[in-house]
Amino acid sequence: MAAALKATALLNTLIAIGHGIKGIEMFVKNQTPVQTLPRATAVPYRIGWFQGCALFSILALLNLRWSTTGLDHTTDKLIAALASGTYICSSYFYRTVGDSAQWPTLVGGIAQIYAAFIV
């Protein structure tokens, strides 16, 4: 289980970095239609995007911690289940709009389920 959780921590780190890079491309380089949104919509959109980066980073740190302590608490298992659900639901919604982010988020969800509940 420890190796699978460490691998999931690394995967979460890579997803956080990729998510951040895509956000920089979208918001800093002004390369997407997001720039056409009204300010009242665009600002929360940007904030939410980078909150996603923080979430993936937190999940990476949690998985790294769990690789040494295990998922001993019911709370730990609930966090892992919520992380898996978030990844898989995000993958589905990314797929409905044709976003290539469906694949990393699907892999993230499957890896989280495998590391936390199967191994």
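The values are calculated or read from the model by the stated rules, or taken from the named source; none is laboratory data. Worth saying up front: this structure is predicted, and the values here are computed from it rather than measured. Note that each Cβ is placed from the backbone with ideal geometry, even for glycine, and that neighbours are counted across all protein chains shown.
Structure notes:
- Residue satisfying all of: in the stretch 60-77; of a type in the set (D, E, K, R) and surrounded by 10 or more Cβ atoms within 10 Å (Cβ to Cβ); nearest to Thr8 (Cα to Cα) among these: Arg65
- Residue within the stretch 24-40 that is under 30 Å from Ala4 (Cβ atoms) and not β-branched (Val, Ile, Thr) present: no
- Within the stretch 78-116, the residues that satisfy the criterion of being among the β-branched types (Val, Ile, Thr) and surrounded by fewer than 20 Cβ atoms within 10 Å (Cβ to Cβ) are Ile79, Thr86, Ile88, Thr96, Val97, Val107, Ile110, Ile113.
- Qualifying position, being within 11 Å of the chain's Cα centre (by Cα), of a type outside the set (Asp, Glu) and modelled with pLDDT of 85 or more, among Phe93, Phe56: Phe56
- Exactly one residue out of Thr36, Thr41, Thr32, Thr8 is surrounded by fewer than 17 Cβ atoms within 10 Å (Cβ to Cβ), among the hydroxyl-bearing types (Ser, Thr, Tyr) and at pLDDT 85 or above: that is Thr41.
- Among residues of the stretch 11-37 that are in contact (Cβ under 8 Å) with a residue 24 or more places away in the chain and in a helix (DSSP H, G or I), those with a beta-carbon under 7 Å from a residue that is surrounded by 12 or more Cβ atoms within 10 Å (Cβ to Cβ) and of a type in the set (Phe, Trp, Tyr) at least six positions away or on a different chain give the pairs Asn12/Phe56; Ile15/Phe56; Ala16/Phe56; His19/Phe56; Gly23/Trp49; Gly23/Phe50.
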